[in-house]
1. How many percent of the alpha carbon pairs in segment 1-151 exceed a separation of 21 Å?
2. Where the accessible area of segment 78-126 is counted over protein heavy atoms with a 1.4 Å probe, how much of it, in %, is carbon and sulfur?
3. Kindly provide the helix-only [θ] at 222 nm of the chain, computed as the sum of -39,500 (n - 2.57) over DSSP H runs of four or more divided by all residues, to the nearest 500 deg cm²/dmol?
4. Return the distance in nm (one decimal) between the two label points of a simple spin-label model at residue 147 and residue 71, each offset 7 Å from Cα along Cα→Cβ.
5. Which angle from 0 to 90°, rounded to the nearest 10, does the C-alpha axis of helix 101-116 make with the longest principal axis of the chain?
6. Through the Karplus equation 6.51 cos²θ - 1.76 cosθ + 1.60, θ set to phi - 60°, convert the phi angles of segment 45-52 into ³J(HN,Hα) values in whole Hz; use x for Gly and Pro.
7. What does the convex hull of the Cα atoms of the chain come to per residue, in Å³, rounded to a whole number?
8. Using only Cα atoms, tell me the angle between helix 70-99 and the longest principal axis of the chain; keep it within 0 to 90° and round to the nearest 10.
Amino acid sequence: MKQSKFNFATVFSLMVLLAFSYIAFMGLVYWREGDVLLPAAITVAFIAIVIVCIIVMCRSKATRWRRIGTIGQAVFGAVILVAFVAAAIPFTNFMDVLAKQKRFSTEIDNMLESATQLDEQYQQYVERRISDYKDMLTLVSNGQSIRPTEYQELLGNVRGSSDRQKIEKLAESLRLKLVPDSMSEVQEERLGWIESASSKSVWNISLPRNIAAINEQVSHWENIYAGYSDFRFKGETAEPFYSEDFESDLQSLTNKYTRLHAPSLLAIAIALLCFFIMLLPYWMTERDVAGRTSKGVSVYE
């Protein structure tokens, strides 16, 4: 019966250790904005320290292994306690993320929706700009007798049998400049990326990396379209393309979980509870009197 209780305590404490470690690991992943190598190394080291200390404590209690006394066992227990308190820091970080998961979901939805509609917004910008350009050229054509120099600069050297054909030709040239062939590749790449970044569960290990990528990609996409729209024909006064829909509070949320802070009282309480649970195998281990019998005489180590 004693052995079965010990086995149950060992399995239960191991499950608690793994659960606590995983949450702390997620906190480290968010701290590193999706990088898993360093968080994984820290988590494995934490688990190894706790397990090794528990094994040493149990063996020393049961067999006086390596003559580690009560003070030595207490030292190893203190190491476990310090490890859990330290792990409470990234544990707190992920708890903060869980508390803000609805805001994360809302902000990501808004950003991805804006990114999906970016092509439509840019197309509206292109049509509006071409329309304004044609209107300007039409005014120049109608006023050629009043301002012949301006007419000569804008329409005089353009091939065409009539001013209407010249204006249409210039408008088409502007469209090709604003919507180059390479844009289709940019659109396909962005839509594919949006689909891959659609998961918004804070438990998804790729979410912090996606959030960081969204913040970077937003500027990248705007720069691409701003670069396309920066071209101007002579006589144009248009402004480059800019989408106000991309303004978001996502960056401020990111700043909160990339800066570790002192553990919360709840995290410390959970860490202490896990610490005491980890001691269950030690408490269930029977203390050995360290005696061995030789010729009927007990000799104590």
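1. 68 percent
2. Values: 1220 of 2110 Å².
After summing per-atom areas, the C and S share lands at 58 percent.
3. Working: 12 runs with 212 residues, N = 301.
About -24000 deg cm²/dmol.
4. Spacing of the two 7 Å Cα→Cβ label points: 9.6 nm.
5. Between helix and principal axis, roughly 30 degrees.
6. For segment 45-52, the Karplus-derived couplings read 5, 4, 4, 5, 4, 5, 5, 4 Hz, x marking Gly and Pro.
7. Per-residue hull volume (Cα only) is 159 Å³.
8. That helix lies at roughly 20 degrees to the long axis.
The values are calculated or read from the model by the stated rules, or taken from the named source; none is laboratory data. In this text the structure is predicted, and so the values were computed from the model without any measurement. Neighbour counts run over all protein chains shown; Cβ positions are idealised from the backbone, glycine included. Each accessible area value is taken on the protein alone, full model and side chains, heavy atoms only, with ligands, DNA and RNA left out. Shrake-Rupley method; radii C 1.70, N 1.55, O 1.52, S 1.80 Å.
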